[in-house]
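Down below is the structure, laid out as structure tokens.
The values are calculated or read from the model by the stated rules, or taken from the named source; none is laboratory data. Because the structure is a prediction, the values reported are computed rather than measured. To get the accessible areas, we keep the full protein, side chains included, count just its heavy atoms, and leave off ligands, DNA and RNA. Shrake-Rupley method; radii C 1.70, N 1.55, O 1.52, S 1.80 Å.
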Amino acid sequence: MNAKRSSVSTALLDWYDAHRRDLPWRAKPGEIVNPYRVWLSEVMLQQTTVAAVTPRFLAWTARWPDFASLAAADDADVMAAWAGLGYYARARNLVKAAKAVVAEHGGVFPRTEAELRELPGLGAYTAAAVAAIAFGERAVVVDANVERVVARLFAIETPLPGARPAIRAAADSITPDARAGDFAQAMMDLGSGTCTTRSPKCLLCPIREHCEGFRQGAPERLPVKAKKAAKPQRFGTIFWLERDGQVLLVRRPDTGLLGGMRAFPTGPWGEGPPGFEDAPAQAEWRMLDSTVAHGFTHFDLQLTLAVATVEAHQSRVPTASEWWPIDDLDTAGLPTVFAKAGQAIRNWAIRRAA
DNA sequence: CAACCGTGGTC
DNA sequence: TGACCAAGGTT
């Protein structure tokens, strides 16, 4: 083992033993690791903060505690349980992967990085993290925390994403053969609490003396990142169709934006001014004055709200739709953009009634 | 390989 | 307060 690998990993693991965070998916020292919980937490934590994941992880594991229960779960229930977490392909892939574990692996999670990589929703990072944390395999685990720590430790100046190969090689060079899972979690704890994006707490860092970025001064400028393109603005209309205290919901197609989620009917979102063309039924549509704004990863959306009421007998509506009690709308599992719109319309109705 | 895919936390 | 960001994956 090279000298830097040994000294960095030893210092970091000692620090981890003393300062590790107590998280619900983390086995306590001496406790048996549960691979299902490790996998689930890793997927939930993809591009998602610990603060947002923690309550959702607890609720999810209470309802679906293992691969078998998740593989047998109702799709609509799973998607509703994921509502608000974003990147909904993760939920669709969780079910697919759980079914594959039951059907193709006899209910036992594969333990090598290569086998894990074959399951839907497990990419390079997650397969390595599960192999290391759940099964103790030596794997090079590189997430955004590790990228930041390593870019500073080795003073890598190449901008992301171009620096990925060099960062991965550097991470490999400091990953120990033993305790690879603890090492990965130590790097992530260090990155999230100490080697933070804006103002790293270098005086508290256990590997400061090995850090080239610290030695040079101004480690916070690393890693260098390419500038992001401005987000385009799009417009759309959503349709609130009410009938006898219920509102019409549809299920979005399984692919694409908000795929597989319950939603209000809506036309395509584009440049044009909003209109009534894509209404789900013939009715006296009325456009509300206020709009709802929502930001997605790669565009900003301004939604116009169209409302109408129909009588029970005139209920010619899309086939893949359902009437949902308005008073129970919070249980429908709507993605945040539609939850916002629904709340705005209910607020409008309350003001109007007053 | 660059575009697509969400949302809440954080300062 | 808005801009940036987070335990990324898929196509």
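What a 1.4 Å probe finds exposed on chain A is 52% carbon and sulfur by accessible area, rounded to a whole percent. As a test of the formula, what do you get for chain A when each DSSP H run with n ≥ 4 contributes -39,500 (n - 2.57) and the sum is divided by the residue count, at 222 nm and rounded to the nearest 500 deg cm²/dmol? Here the helix-only value at 222 nm equals -12500 deg cm²/dmol. Bridgeable lysines around residue A:225 (alpha carbons under 25 Å apart, same-chain partners fewer than 8 residues away excluded): A:201. Rounded to the nearest angstrom and listed largest first, the equivalent-ellipsoid semi-axes of the stretch A:233-353 from its Cα gyration tensor are 21, 16, 15.
Give me the accessible area per residue for the stretch A:3-221, probe 1.4 Å, as a whole number in Å². Don't skip to the end; give the middle numbers.
Details: 9880 Å² over 219 residues.
Per residue, the stretch A:3-221 has 45 Å² of solvent-accessible surface.
Rg/Rh for chain A stands at 1.05; both radii use Cα atoms, and Rh follows the Kirkwood definition. Couplings for the stretch A:233-244, taken from phi via the Karplus curve 6.51 cos²θ - 1.76 cosθ + 1.60 with θ = phi - 60°, read 9, 10, 10, x, 10, 10, 10, 9, 10, 10, 8, 6 Hz in order; Gly and Pro are left as x. Residues considered: A:111, A:148, A:164. Largest GNM mean-square fluctuation over chain A, using C-alpha springs under 10 Å, is found at A:164.
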